[in-house]
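Undergrad: Dumping the structure here so I can ask a few things about it.
The values are calculated or read from the model by the stated rules, or taken from the named source; none is laboratory data. Keep in mind the model is a prediction, meaning the values are calculated, not measured. Here Cβ is always computed from backbone atoms with ideal geometry, including for glycine, and neighbour counts include all displayed protein chains. These accessible areas exclude ligands, DNA and RNA; they are computed on the full protein's heavy atoms, side chains included. Shrake-Rupley method; radii C 1.70, N 1.55, O 1.52, S 1.80 Å.
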Amino acid sequence: MKYIRIIGILILCLLLPLGMSAKRSKKRIPDKPVVADSILQNIFQFSPFYSRIIDEYKADLYLKGKLKVHKRNHLIRYVPSMFRFEKNVNDYMIESVSEMHYTAPDIYDRKIKAVSSTFPRDRGQIADIAEYLNMNIYSSSLMSDKLLSPLDKKASRYYTYLLDSVAGPNDCQKYKILIIPKFKGTQLVSGYMWVSDQVWTIRQLYIEGVYDVINFKVNIIMGEEGDEEFLPVRFDLNLIFKFLGNHLEMNCNAWMKYHEIHYYNQGEARRKSSKKHHHDLTESYQLTCDSAQLITDKDKFKELRPLPLSVDEDSLYKKFAMRRDTILHTPKKKKSKSIEFWGQLGDALISSYNVNLAGIGSVRCSPLINPVLFSYSHSRGFSYKQKFKYNRYFQHTGRLLRIVPQIGYNFTRKELYVKADTEFQYWPEKQAGFEINVGNGNRIYSSKVLDELKAMPDSIFNFDLIHLDYFKDLYFNFRHTVEIVNGLDIGLGFSAHKRTAVEPSRFVITGDYPMPPPEFMDKFKNTYISFAPRIRIEWTPGLYYYMNGKRKINLHSLYPTFSVDYERGIKGVFKSTGEYERIEFDLQHQIRLGLMRNIYYRFGFGAFTNQDELYFVDFANFSRHNLPVGWNDEIGGVFQVLDSRWYNSSRRYVRGHFTYEAPFLILRHLMKYTRYVQNERIYISALSMPHLQPYLEVGYGIGTHIFDVGVFVSSENWKFGGIGCKFTFELFNR
């Protein structure tokens, strides 16, 4: 009970900043009658059917938005993908024309054909508008599984439904139903809907809420009777962005014009699923594969605009043209070199860069000062990391060259990490390519060297001069990977390590003893080299994918991912000083339960065998820096409190991880103070190895739009081990 109280206190301390920013006023519920159960039951009964009734459609989307800058400061430049603004200009206009292709149940493919705006550059956004437009209102969740739909029966327990009014004749009435969340939370919405009697279709849906730092209002108008009855024809959006003294507001209108609408056919669906290549979803992503050039010329955009501009909207374009004309005809003032240097340095610190080099590739770099690059854990302390990405895509062949240098620094251990990952995919249809990884890894611990020295009956060495416990690790990995069949990858290559003692040792004999024979002393060195051929097999059954030209893009699977990793060290190759065998097995799986609930589990084991003069245990999966692919946070799937020396102290291990994620687990009744908590997680991890039978970790975590945090309690051999936490910034990173 003592530890439970400690965890509770830590959690409340972490949630206090969220509570301070939450509104404490109770929302007033209108004095309206509760909707009859018969009406609600009809809505909940028909919604699952209507959510799947449309199997596919193609449409044109025209989007028009006006942005008003109420207040802004220099901190707005920290926000990734944000529009760039002009000095003393507070009103902006943006339009786009796109092709839309929908495939049930949730594939939205949008290709932007043309863009016109009054911003200094066409790229930018205050929110991902597509999330508000790619919305099947009858589904159990909205906005890409971020909101719990009030039309879902299971989610209805979080809402109150009031009857506002009734309209229309008795044989065709429409009900206006108010939607009120029972408590505050970013997963819930408020608003109203108009519902038709008899067929129980939604004619209009208005919702409002808060997600990340966006206050949104969305009004969806559905089509009239006919093919468009179950589809939206117009969206009206109001988005308010408030962050660190910045206040922006965008009002958007979107119109859908449908060309093809295909209804769901059960027999056709069965025929598709029985085909040999039914996991190929290329037809659903065919617009993405279209490489037509984006139209940005404003005169050409006039020919595509389906609706005329208002007088105010047209005036924004005229003012923009006048500003551009003034800039072109006004000579630039020369800045001093010192001012120009400090200005460029400031841009590098707080701005992200994406430089396209014609014919060479593109380079991408995030801001040097970025809270998302920092993290904290109990066992590792504060860390900082930075990535630079170079990509070269060969348009005609689909080949890809990617180089990703990374640099990181651990402030607690005062260790600098540098690595570079290079990938060249020469056969994109089969995802065949070469990978090279080089860098300095974790400082590795090896007690076996000292154990062998101390095991001598009469130790003759001065152990104050021997420091063969911590070693720096320089590694070089090479691998060739190819996909044999869909979901089955085989990689062949080799792994090489050069491990050098952090502090060199001297073997000084105490007393009048003869030096041991050379074959004995050759075991103990300040530098150890290993070389090992390696094979890795990874299989994901039922893997969905699509072809982007000649490139195969993997999507997801309903089944786990299995992997086997084996390598064998060879003595004498490239001055290798030892030999060994390593084998590891790993299984990872994510299960979606609906209502924004997910289960993640992971299981694995590994062993080092046949070791000869190699005193290091360095697993590929069971490693301090290893993060499982597919988990949506950097907290689950690893041990947070486990001492780092345990990773290199045993020749074998068995591990397991389980994470359950859902909204409203524990904090449901505290949402008055914790409304910005987006999800809660329960973590359970177990490890078995010699001298740790077992090691257990149990944790609780929350995810918000600003950060992810978890608190963990550990147990070693059924005894209390310790308490730790993990903190990562997630600001605008979801």
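Undergrad: Hey, can you tell me all the residues within segment 180-194 that are open to solvent by less than 10 Å² (accessible area, probe 1.4 Å) and at pLDDT 95 or above?
TA: MET193
Undergrad: Between TYR211, TYR206, TYR175, which is open to solvent by 40 Å² or more (accessible area, probe 1.4 Å) and of a type in the set (Ser, Thr, Tyr)?
TA: On the way: TYR211 fails: open to solvent by 40 Å² or more (accessible area, probe 1.4 Å); TYR175 fails: open to solvent by 40 Å² or more (accessible area, probe 1.4 Å).
Going through TYR211, TYR206, TYR175 in turn, just one is open to solvent by 40 Å² or more (accessible area, probe 1.4 Å) and of a type in the set (Ser, Thr, Tyr): TYR206.
Undergrad: Search segment 161-188 for residues being polar (S, T, N, Q) and out of contact with any Pro (no Cβ under 8 Å at 6 or more places or on another chain), and hand back the single one that is nearest to VAL34 (Cα to Cα).
TA: Taking segment 161-188 as the starting set, the residues that turn out to be polar (S, T, N, Q) are 165, 170, 173, 186-187.
If we keep only those that are out of contact with any Pro (no Cβ under 8 Å at 6 or more places or on another chain) too, we end up with 165, 170, 173, 186.
Numbers: SER165: 11, ASN170: 20, GLN173: 18, THR186: 24 Å.
Ranking the qualifying residues of segment 161-188, first place goes to SER165.
Undergrad: I would also like to ask the following. Would you pick out the residues in segment 85-140 that are part of a helix (DSSP H, G or I) and within 18 Å of ASP297 (Cβ to Cβ)?
TA: none
Undergrad: Also, I was wondering about something else. Name the residues in segment 572-603 that are open to solvent by less than 30 Å² (accessible area, probe 1.4 Å), modelled with pLDDT of 90 or more and out of contact with any Lys or Arg (no Cβ under 7 Å at 6 or more places or on another chain), would you?
TA: Selection gives ARG582, GLU584, ASP586, HIS589, TYR600, ARG602.
Undergrad: Can you give me the number of residues within segment 244-257 that are over 19 Å from GLY191 (Cα atoms) and open to solvent by 30 Å² or more (accessible area, probe 1.4 Å)? Give the derivation first.
TA: Residues of segment 244-257 that are over 19 Å from GLY191 (Cα atoms), as a first pass: 244-250, 254-257.
If we keep only those that are open to solvent by 30 Å² or more (accessible area, probe 1.4 Å) too, we end up with 244-245, 247, 249, 255, 257.
Final tally of qualifying residues: 6.
Undergrad: Mind listing whichever residues of segment 43-60 are farther than 18 Å from PRO105 by Cβ and surrounded by 20 or more Cβ atoms within 10 Å (Cβ to Cβ)?
TA: Correct list: ILE43 only.
Undergrad: What residue, of ILE137, ILE112, is touching a residue at least 24 places away in the same chain (Cβ under 8 Å) and out of contact with any helix residue (DSSP H, G or I) (no Cβ under 9 Å at 6 or more places or on another chain)?
TA: On the way: ILE137 fails: out of contact with any helix residue (DSSP H, G or I) (no Cβ under 9 Å at 6 or more places or on another chain).
Residue meeting the stated conditions: ILE112.
Undergrad: So how many residues does segment 112-160 have that are surrounded by 17 or more Cβ atoms within 10 Å (Cβ to Cβ), charged (D, E, K, R) and closer than 26 Å to LEU294 by Cα?
TA: Selection size over segment 112-160: 2.
Undergrad: Hey, another quick one. Restricting to segment 61-73, name every residue that is part of a strand (DSSP E or B), over 19 Å from ILE107 (Cα atoms) and out of contact with any Gly (no Cβ under 7 Å at 6 or more places or on another chain).
TA: Step one: filter segment 61-73 for residues part of a strand (DSSP E or B), giving 61-71.
Next, only the ones that are over 19 Å from ILE107 (Cα atoms) stay: 62-71.
Across segment 61-73, the qualifying residues are TYR62, LEU63, LYS64, GLY65, LYS66, LEU67, LYS68, VAL69, HIS70.
Undergrad: Still on this structure, please answer the following. Can you report the number of residues in segment 413-431 which are farther than 30 Å from VAL485 by Cβ and either over 23 Å from the mean Cα position of the chain (by Cα) or not charged (D, E, K, R) (or both)?
TA: Residues of segment 413-431 that are farther than 30 Å from VAL485 by Cβ, as a first pass: 413-420.
Retained after the next criterion (residues that are either over 23 Å from the mean Cα position of the chain (by Cα) or not charged (D, E, K, R) (or both)): 413-418, 420.
Number of matching residues: 7.
Undergrad: Which pairs have Cβ atoms under 9 Å, sit 6 or more apart or on different chains, and link a residue in segment 701-718 that is in a loop (DSSP other than H, G, I, E, B) to one that is open to solvent by 10 Å² or more (accessible area, probe 1.4 Å) and aromatic (Phe, Trp, Tyr)?
TA: HIS705/TYR211; HIS705/TYR676; HIS705/PHE732; ILE706/TYR676; ILE706/PHE729
Undergrad: Please verify whether segment 282-298 includes one or more residues that are modelled with pLDDT under 90, of a type in the set (Lys, Arg) and open to solvent by 40 Å² or more (accessible area, probe 1.4 Å). Break it down into steps so the answer makes sense when it comes.
TA: Filtering segment 282-298 for residues modelled with pLDDT under 90 gives 282-298.
From the residues that got through so far, the ones that are of a type in the set (Lys, Arg) too are 298.
If we keep only those that are open to solvent by 40 Å² or more (accessible area, probe 1.4 Å) as well, we get 298.
Yes, that holds for at least one residue.
Undergrad: Sticking with this one: Considering segment 51-84 alone, what residues qualify as being within 28 Å of the chain's Cα centre (by Cα) and among the aromatic types (Phe, Trp, Tyr)?
TA: Selection gives TYR78, PHE83.
Undergrad: What number goes with the only condition from (1) under 28 Å from the mean Cα position of the chain (by Cα); (2) within 26 Å of LEU595 (Cβ to Cβ) that LYS153 does not pass?
TA: Evaluating LYS153 over (1) under 28 Å from the mean Cα position of the chain (by Cα); (2) within 26 Å of LEU595 (Cβ to Cβ) leaves (1) as the failure.
Undergrad: If I filter segment 691-708 down to residues being modelled with pLDDT under 85 and either open to solvent by 10 Å² or more (accessible area, probe 1.4 Å) or among the β-branched types (Val, Ile, Thr) (or both), which single residue comes out as nearest to PHE183 (Cα to Cα)?
TA: Looking at the filtered set, the residue picked out is THR704.
Undergrad: Hey, another quick one. Collect the residues in segment 153-177 that are under 19 Å from SER139 (Cα atoms) and either without any contact (Cβ under 8 Å) to a residue 60 or more places away in the chain or in contact with a Phe, Trp or Tyr (Cβ under 8 Å, 6 or more places away or on another chain) (or both), keeping them in residue-number order. Step through it out loud before you land on a result.
TA: First, the residues of segment 153-177 that are under 19 Å from SER139 (Cα atoms): 153-161, 177.
Scanning segment 153-177 gives LYS153, SER156, ARG157, TYR158, TYR159, ILE177.
Undergrad: Can you confirm whether LYS319 is open to solvent by 100 Å² or more (accessible area, probe 1.4 Å), basic (Lys, Arg) and modelled with pLDDT of 65 or more?
TA: Values: open to solvent by 100 Å² or more (accessible area, probe 1.4 Å): yes; basic (Lys, Arg): yes; modelled with pLDDT of 65 or more: yes.
The answer is yes for LYS319.
Undergrad: Hey, another quick one. Please go through segment 164-184 and pick out each residue that is touching a helix residue (DSSP H, G or I) at 6+ places or on another chain (Cβ under 8 Å) and in a strand (DSSP E or B).
TA: Step one: of segment 164-184, the residues touching a helix residue (DSSP H, G or I) at 6+ places or on another chain (Cβ under 8 Å) are 175, 177, 181-183.
Result: TYR175, ILE177, PRO181.
Undergrad: Please determine whether any residue of segment 218-238 is in a strand (DSSP E or B), under 30 Å from ASN73 (Cβ atoms) and touching a Ser or Thr at 6+ places or on another chain (Cβ under 7 Å).
TA: So the first thing to find is which residues in segment 218-238 are in a strand (DSSP E or B), and the list is 218-222, 232-238.
From the residues that got through so far, the ones that are under 30 Å from ASN73 (Cβ atoms) too are 218, 236-238.
After this cut, where a residue has to be touching a Ser or Thr at 6+ places or on another chain (Cβ under 7 Å) as well, the list is none.
There is no residue in segment 218-238 that is in a strand (DSSP E or B), under 30 Å from ASN73 (Cβ atoms) and touching a Ser or Thr at 6+ places or on another chain (Cβ under 7 Å).
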